[in-house]
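The values are calculated or read from the model by the stated rules, or taken from the named source; none is laboratory data. Source: prediction; values computed, not measured. Methodologically, a virtual Cβ is constructed for each residue, glycine included, from the backbone with ideal geometry; neighbour enumeration extends over all protein chains shown.
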């Protein structure tokens with residue numbers, strides 16, 4: 001099962017769901033896909049979509065997931081890697097009015113450089129990331145990464 005996390009931002013992230021649906025139709029994605037969509041309104045019969053779900057439900061889905069595809073939100077990334085899940089992260093972008101700035105791009109790059117996730121810059125890279133994730137062994141997340149957390153907090157404060 002693939003879990004898709006879009007967080008709780010007020011802005012839509014249709015681009016990611018459109019790409020996932022395309023990859024389901026091309027049979028690149030064959031697993032069941034469950035989406036926590038937040039405020040992204042998207043209709044399809046190819047994915048099971050929830051707006052917002054309880055923390056308990058979210059934790060259950062995270063535990064069951066073989067792969068998590070997430071936006072570049074710190075909370076979504078950290079909750080997934082703490083559970084030792086394979087994660088592909090895609091930043092929401094300001095140019096598409098998906099966020100107020102491009103801080104998610106920097107967050108995704110940082111977690112990718114540290115070896116915790118496969119971070120991609122755009123939804124068009126998702127197909128290749130799905131191939132790469134099969135052999136990807138994520139670095140075990142350690143909560144004492146104070147320097148990384150300082151950098152993340154600095155990004156958040158810029159918002």
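List of remarks:
- Selected residue (only one of 77, 81, 68, 100 is within 27 Å of residue 151 (Cα to Cα) and surrounded by fewer than 18 Cβ atoms within 10 Å (Cβ to Cβ)): 100
- Listed by first and then second residue, the pairs linking a residue in region 9-37 that is over 18 Å from residue 66 (Cα atoms) to a residue that is assigned to a helix (DSSP H, G or I) and at pLDDT below 95, with Cβ atoms under 7 Å apart and 6 or more places separating them unless they lie on different chains, are 15/96.
- Scanning region 115-131 finds no residues that are over 14 Å from the mean Cα position of the chain (by Cα), surrounded by fewer than 19 Cβ atoms within 10 Å (Cβ to Cβ), assigned to a loop (DSSP other than H, G, I, E, B) and at pLDDT below 95.
- Residues of region 39-75 classified as farther than 19 Å from residue 29 by Cβ and either in contact (Cβ under 8 Å) with a residue 24 or more places away in the chain or not in a loop (DSSP other than H, G, I, E, B) (or both), total: 14
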